[in-house]
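The values are calculated or read from the model by the stated rules, or taken from the named source; none is laboratory data. This structure is a prediction, so every number in the text was calculated from the model and none was measured. Cβ atoms come from the backbone with ideal geometry, glycine included; neighbour counts cover every protein chain shown. For accessibility, only protein heavy atoms count, side chains too; no ligands or nucleic acids. Shrake-Rupley method; radii C 1.70, N 1.55, O 1.52, S 1.80 Å.
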Amino acid sequence: MRHSALAILVVGLVVLTSCSKPSHAQRGPDSGSVSSDMSSIDACALLTPAEIQQALGVAMKPGVKQTTDNSSQCQWDSQNESDAVGVSVSVATYDDKLYHTMSSAQAAKPVSGFGEAAYKDYPHGGDIAIKHDGHEIDIGVVDFKLSNEKLDAAAATFAKLALSRVS
């Protein structure tokens, strides 16, 4: 059971990060993409393991950073693999078509109080996608022991922290 929960965690986070990256095929004059310098953004600097532990009650490993020309991503995993907890932050160059496609999904729920626009629960519960200053900021929280309400509260806490630190 422990391995299947970890596999679900990994698959969910891969889906989250792959959905948050603008496709090069969608980029172009009509794509609605906004040019934005990603070199100055370090997604791992947007949250700390201590902040994640405070919100989720689980000790976390340091974040693992991945970058592309269009995005900066960070993934934190629980120190104890049996906890199967993960948090991810992705900051990508805003792509209007991608954002509107994702935010129009049946499961996506608009939320206020985050950036210029935001939605949650798509592609998974514990996810928040935020349009902010030429970027899309995606927060993903996976913790199979938390209720949906606590998962949403943790994601909202992380979203507010990340937004306060994105320049």
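Of everything in segment 115-135 that's in contact (Cβ under 8 Å) with a residue 40 or more places away in the chain and farther than 19 Å from Leu163 by Cα, which residue is most open to solvent (accessible area, probe 1.4 Å)?
His124
Are there any pairs with C-beta distances below 8 angstrom linking a residue in segment 47-59 that is over 15 Å from Lys160 (Cα atoms) to a residue that is loosely packed, with under 15 Cβ neighbours inside 10 Å and of a type in the set (A, V, I, L, M), with the two at least 6 apart or on different chains, and if so which?
So the pair list comes out as Pro49/Ala59; Gln53/Ala59.
Looking at Gly63, is it out of contact with any strand residue (DSSP E or B) (no Cβ under 7 Å at 6 or more places or on another chain) and closer than 18 Å to Val166 by Cβ?
No, not satisfied.
Can you find even one residue in segment 23-43 that is closer than 19 Å to Ser164 by Cβ, of a type in the set (S, T, N, Q) and modelled with pLDDT of 95 or more?
no
Do the conditions hold for Leu146, that is, is it open to solvent by less than 50 Å² (accessible area, probe 1.4 Å) and at pLDDT below 95?
So Leu146 fits the description; yes.
Report, by residue number, each residue of segment 71-88 that is surrounded by fewer than 21 Cβ atoms within 10 Å (Cβ to Cβ) and either touching a Lys or Arg at 6+ places or on another chain (Cβ under 9 Å) or of a type in the set (Asp, Glu) (or both).
Those that are surrounded by fewer than 21 Cβ atoms within 10 Å (Cβ to Cβ) and either touching a Lys or Arg at 6+ places or on another chain (Cβ under 9 Å) or of a type in the set (Asp, Glu) (or both): Gln79, Glu81, Ser82.
Exactly one condition in (1) part of a loop (DSSP other than H, G, I, E, B); (2) open to solvent by less than 70 Å² (accessible area, probe 1.4 Å); (3) among the charged types (D, E, K, R) is not met by Asp138; state its number.
(1)
Would you tally the residues in segment 104-114 being surrounded by fewer than 18 Cβ atoms within 10 Å (Cβ to Cβ) and within 18 Å of Ala162 (Cβ to Cβ)?
Total satisfying the criteria: 2.
Based on this model, can you work out whether Ala155 counts as under 20 Å from Val64 (Cα atoms), touching a Lys or Arg at 6+ places or on another chain (Cβ under 8 Å) and either without any contact (Cβ under 8 Å) to a residue 24 or more places away in the chain or assigned to a strand (DSSP E or B) (or both)?
Spelling it out, it is not the case that Ala155 is under 20 Å from Val64 (Cα atoms), touching a Lys or Arg at 6+ places or on another chain (Cβ under 8 Å) and either without any contact (Cβ under 8 Å) to a residue 24 or more places away in the chain or assigned to a strand (DSSP E or B) (or both).
Kindly indicate whether Gln79 is modelled with pLDDT of 95 or more and over 19 Å from Ala155 (Cβ atoms).
yes
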